[in-house]
Each structure stands twice: as C-alpha cells, then as structure tokens.
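Note sheet for the following structure.
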Amino acid sequence: MSVEEELLQGKKHYCSTPQAIGRGGVGLCAWPRNHVVTWNVVAPLPGFTVQSLQQIYKASFDLWTAVSGFKHAFTQNPRNANIIVGARDIDRAGGILGEHQLPCGNITATSQIQGWLDSSDSWTTAKNWRQTGRFPVHSVSAHEFGHGIGLSHAPENLQALMAPRLSLITTPQAWDKSEVVLRYGQDQDQDQDQDSDAGDLLGQILRCLERLSDSDKQTIKELFLE
C-alpha cells in the first residue's frame, strides 16, 4: 500500500507514544512554567545534516511557542539539554514513525527526556510528500515535540496536529492550542481578543511568528504554511 493510500485510509500512526496523564492540573505532564526548554540533536535522520535538522526542529518548536507561553532554545551541549532529539531504527519501514518521552512526574528544569524519528523510514520536507513516497519530517517532528512538551494524543474524531494518525494537518489546531495553553499559559504578547477566536488560529500563528528573524519566518512558511 502506498503512503497516500495509507493516509487516506487513516492507517498510518504517528508514533508509539502512550497517552499522557489527564487534564485538570493533577498529574499534568509539563515542564515548569516559564522555564526555557532546551534541546539538542544527537543523531540525524539519514539524508539530513544536523544543521538542516536544527532548522527544521526549531521551526517545529516555534509553532508551539506561537500559540502559548511555551519557550524553547537550542543548546550546543547535549548533556544540558532537556530534550534529546535523535533518529533510530524503531521498527520496519512504514510502521511507527516516531516516539517521544513525556515530561511527566517529578520533572524539573534540569530533567532530560528523549524523542526519536524512525531512521528506517524515508523522510522529506516537500509539501507534496504524499506523492514522493516519503514522510513529512516537519509535521511529524512538530507532533512529536507536542509530546515532548506534555501533550497526549487528541481524540481520533478531532482535527488536530496531535491526532494519533498522520494527516495533512501541519500546524496546531484548536484542541492542540487548548492543551498547550493549559500547561504553559498564553503568550503575553498575544492580543487576547484575537487569541480567543479559534477561527483565527492561523492568523494568530502568523502574527506571533513576526517576532522571529526573517530566516526563521521563511523556514516556517516554506515547511508548514501554504
């Protein structure tokens, strides 16, 4: 079965990450509020350089920053990184695309968790990835990093970046936003009236991304936005 056929039939699972602990603040999986979560790339995907993946992964993390008070930063020292990002052979090609530990339990500003994409699969940054026979590293990494900052899978009947199955969604949707805001609050620079309008979520992302450098904005537009 082709990648496109699997996608259309809803058979392609994003990852093997288990459900996070539930809502309501009790046992909520999250990094400490106001902590800048650091990350480092320790093992690149085949066909990608560490430098190119740093750019892609930064853009993926920036999507979560754009809709919440979550903050992140790349660190040169993997020993000090809160999130270690790598690639390894998880299962056969075409199986699970990735997996990520969740920041649950006694997580502190010095804790470290790991996330992996499957090196046995073929990856691309192309927007027409369904026709390439490869998987979209940008949107899959954005999904995995959602786990890395504490989000579980969204219910299967919702349109969400954190849905358990691969789709054409590349940016956080209403459910995703509500979950990340629950953990990290609103971005203080967001306009509250505009921010409350779920229908303007794409506009909100674009406005927040204006604070980034020109190169970062261009990367996000090329990877995630039409």
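On full extension of the chain, what length is gained from Gln76 through Val36, given 0.36 nm per residue of separation minus the C-alpha to C-alpha distance?
Taking Gln76 through Val36 to full extension adds about 12.9 nm, to one decimal.
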Using a 1.4 Å probe on heavy atoms of the protein chains only, the accessible area for Ser120 in Å², nearest 10, reads 40
Unit-weight point scatterers at every alpha-carbon of the range 34-105, Debye formula, q = 0.17 1/Å: log10 I(q)/I(0) is -0.73
Sticking with the crude label model, points 7 Å out along Cα→Cβ, report the distance from Asn106 to Gln131 in nm, one decimal please. 5.4
Give a quick list of trypsin sites (Lys or Arg not before Pro) in the range 85-153 that DSSP marks as loop, anything other than H, G, I, E or B, with at most 11 other Cβ atoms within 10 Å. Arg92
Extension gain, Arg92 back to Ser52 (0.36 nm per residue minus Cα-Cα distance, nm): 11.9 nm
Carbon-plus-sulfur fraction of the accessible area of the range 99-155, 1.4 Å probe, in percent? 40
Quick calc: nm separation of the 7 Å Cα→Cβ label points for Arg165 and Leu182 -> 2.3
Taking placed amide H atoms and a strict 5 Å upper bound, the residues 5 or more places from Ile113 or on another chain that come that close are Ile83, Ile84
Starting from the Cα-Cα distance between Ser215 and Ala43, subtract it from 0.36 nm times their residue separation and give me the gain in nm to one decimal. 59.5 nm
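The values are calculated or read from the model by the stated rules, or taken from the named source; none is laboratory data. The model shown is predicted, which means the values in this text are computed figures rather than measured ones. Using ideal geometry, Cβ is built from the backbone for each residue, glycine included, and neighbour counts are taken over all protein chains shown. What goes into the accessible areas is simple: the full protein's heavy atoms, side chains included, and nothing from ligands, DNA or RNA. Shrake-Rupley method; radii C 1.70, N 1.55, O 1.52, S 1.80 Å.
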